[in-house]
Amino acid sequence: MEYVGEHLMPGKLGQFFVVLSFACSLVAAISYFKSSVSKTPEDSFSWKQMARFSFLLNTISVFIVFATIFYIIHQHYFEYNFAWEHSSRNLDPKYMLSCIWEAQEGSFLLWMMWNGILGIVLMLRVKKWEAPMLTIISFAQFCLTTMILGVYVFSFQVGHSPFMLVRQLFQEAPIFQRADYLSIPQMQDGQSLNALLQNYWMVIHPPILFLGFSSTLIPFAFAVSGLWKKEYGSWTKTALPWTLFSCCVLGTGIMMGAAWAYESLTFGGYWAWDPVENASLVPWLVLVAGLHTQVVYNATGHSLRTTYLFLILGFSLILYSTFLTRSGILGDTSVHAFVGSGLDLQLILFIAVFLIPALILYFTRYSRIPHVVKEENTWSREFWMFIGSLVIFLSAVFIMIATSLPVLNDLFKTKWSTGDDPKFAYNRIEIFIAIILGLLTAMVQYLKYKNSTPVQVIKKLFPATLVALIVSIFISIWGNIQYIQYGTGFQAAIHLALFAGIYSVVANAGYIFTSMKGKFKMAGASVAHAGFGLLLVGILISSAKKEVLSHNTTGINLPFDPKTKEDPLENLTLLKNVKTDMGKYYATYLSNDSVNKAGNIIYFKVNFQDKKTGESFNLWPNLIKNTKGVENFSNNPDKQHYLDRDIFTYISYANILDKQRDTSGFKTFPVALHDTIFYSKGIIILDTVLVNPSNDKYHFTATDTALLAQIRVITRDSQQYTMAPLLYVKDNMIFRVADTLFAQNLAIQLGSVMNNKKIQLLTKESSDMVPFVSLKVYMFPQINLVWIGVIIMMTGFVMSIVHRRRNLLKNQPQALS
């Protein structure tokens with residue numbers, strides 16, 4: 001059948017470049033391998049030239065594939081499944097890029113783009129290590145390309161093509177028996193981007209995170225190349241800036257994800273030990289451990305074997321996290337894992353082809369890796385740096401085991417879990433990790449390599465220790481840091497962790513200004529450690545003092561869906577334009593409005609007034625309509641930022657979204673003056689009817705035809721209200737203006753005038769007549785310490801990269817060969 005209106009050329013072009021990328025990555029890997037094992041310089045250079053050309057062509061092809069997909073999305077070519085499943089016509093243009101990495105194929109493609117860019121940089125930088133390292137990177141490109149290849153080898157499908165047509169995926173659907181299927185309404189628009197991903201963080205967070213993923217391949221490639229070429233220690237100084245770069249970028253990407261969670265999700269925080277969060281965190285922890293042992297080896301010759309292991313495991317855990325998040329196995333435990341895609345076997349092979357050969361090389365050559373037989377002195381910097389690295393690694397092992405419970409349960413048919421409170425399951429272990437790391441980052445820098453004099457170290461540390469102790473005691477006593485719900489032991493651990501974080505900040509600042517004499521160019525490590533300490537303090541204070549402000553004072557308890565885990569007592573119901581007491585604040589729901597033509601995002605204007613200061617501000621939390629066939633709306637919070645706190649709010653329910661609202665009909669009652677009728681909560685009395693009324697609200701003349709009823713409503717508890725429905729004729733048409741008594745869920749209209757001097761009253765009772773919202777409001781004290789700590793920590797990484805790179809260029813200038 002020849003289909004009408006399809007745009008097949010972009011798909012054909014894109015698939016051609018996918019295949020070209022696949023072929024070039026394989027040629028580049030083979031050519032770089034041949035260059036690495038060649039016996040003569042001429043032969044090696046010849047193979048290297050071919051490898052470089054192939055790798056560059058691979059990178060260009062990847063970018064063309066990416067541009068083709070973006071073009072298909074931008075042009076709304078919904079015959080392609082990629083556009084139909086991940087975009088729509090009413091999607092904000094700034095989120096079109098997010099559509100690409102929402103799809104598994106798009107995220108693999110993003111990973112490949114970064115591999116290409118980093119590979120080109122390595123060509124220009126690493127000189128003799130180019131051939132072995134680019135062999136590994138080119139092979140990684142080859143493996144990633146198979147994920148988007150979309151071809152069949154016998155009955156086994158290799159990857160999923162991003163250029164599949166919808167009709168190719170759903171061949172049996174009757175709609176595709178028509179040549180003009182694109183004219184059918186179902187194919188005129190796509191399913192759009194996931195509502196939770198329609199946030200600006202989702203435009204910048206994934207690219208940074210995947211740059212972090214890609215960068216972990218470089219320390220891995222250095223380590224494996226060192227084992228392969230039997231140059232066991234000569235690579236470590238060249239690799240150190242790259243290890244720093246990887247730690248910096250991956251850490252930044254993870255915390256950008258935390259910022260997205262804080263702004264888009266409603267669990268009231270930035271970290272929930274979600275499996276997808278953990279899957280990125282664990283490789284970063286292992287890489288940070290490897291960074292510190294690498295520094296130790298460069299300074300003393302110790303810990304090279306451990307460095308190899310950590311750097312190999314760092315990238316391997318990235319591959320394992322890719323399996324966790326893309327196999328669908330975390331679908332029931334994570335809010336942002338991919339659904340299963342049928343690539344499980346490929347993902348497992350992806351792990352195996354890198355991890356198994358690397359471990360074989362490592363263990364077969366373990367005895368040849370240089371090591372210092374003499375143990376480190378316990379008063380040496382390298383000893384405690386190694387202890388710190390080991391603690392970080394053990395922390396990563398614990399987190400990964402807990403995160404992998406769905407995998408273990410699937411393998412062994414068990415039902416292990418982290419319990420009813422998964423956050424505490426992690427926190428009760430990680431709090432002690434935080435204490436150790438806080439203390440170590442404060443003290444270790446005051447130690448010297450090889451050996452230190454205990455008295456001198458204690459003397460140097462004493463001022464920082466005293467200051468940190470005083471500050472932490474002051475905050476613990478007067479700062480109301482409370483975790484008592486988890487017992488006095490955990491509460492004590494929290495206060496000790498608070499001291500450790502403050503100690504890290506004070507001791508590192510003191511070290512910069514005393515021992516380093518303010519030489520900031522060399523202070524990257526101290527700055528990063530101070531940032532970590534501040535981050536720890538921010539986490540402890542903001543979590544301990546997080547306060548629910550929206551305690552329900554109205555007595556209106558909404559029956560929330562149990563799946564939302566919303567507590568009715570912590571959600572305040574606000575009637576429209578009714579100022580409501582909310583403890584420290586007054587809250588008023590003022591209005592709601594859809595700001596886009598599609599009407600899929602509804603913003604709610606809520607005014608807050610601080611009782612103590614009188615300050616007033618408006619917040620605009622919104623509800624965004626779910627996509628991909630999912631009903632209802634998702635919550636998008638809004639925040640009021642202060643230097644010392646955030647006021648954070650989201651809409652937990654809004655009755656204007658209830659499709660079944662206001663379905664009750666009007667009941668008709670013929671009444672004369674002073675007649676009484678009953679409604680469910682009291683009585684209604686018609687007091688009088690005015691003809692052609694003229695008042696502040698209405699202005700009719702003797703030539704008009706208008707009736708205004710004056711009605712009294714008396715409730716069962718003797719409350720009295722007045723209502724005034726209006727009936728008038730204009731241009732031979734009858735108009736009825738109902739009056740609504742929101743407090744009684746009652747509406748009244750005037751019907752026709754009857755011959756027996758009676759008039760028809762039309763009454764309606766409806767619980768959804770009053771516009772209202774239910775609001776969840778948190779206060780996060782000192783939340784800015786978290787973000788400032790992250791910025792300072794990453795700044796320290798950047799300073800260290802620059803410093804190490806400068807030292808490397810002074811001693812070992814590199815050039816393209």
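In table form, for the structure just shown:
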| item | result |
| --- | --- |
| Those residues of the range 604-642 which are over 27 Å from Pro781 (Cβ atoms) and of a type in the set (Phe, Trp, Tyr), in sequence order | Phe633 |
| Pairs, first closer than 17 Å to Ser652 by Cβ in the range 260-277, second in a loop (DSSP other than H, G, I, E, B) and β-branched (Val, Ile, Thr), C-beta under 7 Å, six or more apart | Leu265/Val335 |
| Residue list for the range 72-84, filter: open to solvent by 30 Å² or more (accessible area, probe 1.4 Å) and within 26 Å of the chain's Cα centre (by Cα) | His74, Trp84 |
| Some residue of the range 770-784 being among the aliphatic types (A, V, I, L, M) and assigned to a helix (DSSP H, G or I) | no |
| Filtered residue count, the range 684-736, keeping only those that are under 17 Å from Thr763 (Cβ atoms), among the charged types (D, E, K, R) and part of a strand (DSSP E or B) | 3 |
| Any hit, the range 10-17, residues being in a helix (DSSP H, G or I), touching a residue at least 60 places away in the same chain (Cβ under 8 Å), of a type in the set (A, V, I, L, M) and touching a helix residue (DSSP H, G or I) at 6+ places or on another chain (Cβ under 9 Å) | no |
| Members of the range 1-18 that are open to solvent by 70 Å² or more (accessible area, probe 1.4 Å) and within 11 Å of Tyr80 (Cα to Cα) | His7 |
| From Ser664, Ser652, residue being modelled with pLDDT under 95, closer than 30 Å to Asn90 by Cβ, of a type in the set (S, T, N, Q) and in contact with a strand residue (DSSP E or B) (Cβ under 9 Å, 6 or more places away or on another chain) | Ser652 |
| Contacts under 9 angstrom Cβ, first residue in the range 727-750 being more than 19 Å from Arg712 (Cα to Cα), partner among the aromatic types (Phe, Trp, Tyr) and surrounded by fewer than 16 Cβ atoms within 10 Å (Cβ to Cβ), 6 or more apart | Tyr728/Phe735; Val729/Phe735 |
| Output for the range 763-797, where each listed residue is over 24 Å from Asp593 (Cβ atoms) and either among the β-branched types (Val, Ile, Thr) or open to solvent by less than 10 Å² (accessible area, probe 1.4 Å) (or both) | Thr763, Phe780, Ile783, Val786, Ile788, Gly789, Val790, Ile791, Ile792, Thr795, Gly796 |
| Selected residue (only one of Ser452, Ser515, Ser526 is open to solvent by less than 20 Å² (accessible area, probe 1.4 Å) and not in a helix (DSSP H, G or I)) | Ser452 |
| Candidate set from the range 175-220 (those that are farther than 23 Å from Met96 by Cβ and of a type in the set (Ser, Thr, Tyr)); member that is surrounded by the fewest Cβ atoms within 10 Å (Cβ to Cβ) | Ser183 |
| Single unsatisfied condition, Glu172 versus (1) crowded, with 16+ Cβ neighbours inside 10 Å; (2) in a loop (DSSP other than H, G, I, E, B) | (1) |
| Selected residue (only one of Val249, Val276 is assigned to a helix (DSSP H, G or I), among the aliphatic types (A, V, I, L, M) and closer than 18 Å to Met794 by Cβ) | Val249 |
| Residue match in the range 752-762 (condition: more than 30 Å from Leu291 (Cα to Cα), of a type in the set (Val, Ile, Thr) and surrounded by fewer than 16 Cβ atoms within 10 Å (Cβ to Cβ)) | yes |
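This table checks each residue for (1) at pLDDT 90 or above; (2) open to solvent by less than 10 Å² (accessible area, probe 1.4 Å).
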position	(1), (2)
Cys248	yes, no
Met255	yes, no
Ala258	yes, yes
Tyr262	yes, yes
Ala272	no, no
Leu285	yes, no
Val288	yes, no
Thr293	yes, yes
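The values are calculated or read from the model by the stated rules, or taken from the named source; none is laboratory data. Keep in mind that this is a model prediction, so the values were computed, not measured. Here Cβ is always computed from backbone atoms with ideal geometry, including for glycine, and neighbour counts include all displayed protein chains. Areas reflect the complete protein model, heavy atoms only, side chains present, ligands, DNA and RNA absent. Shrake-Rupley method; radii C 1.70, N 1.55, O 1.52, S 1.80 Å.
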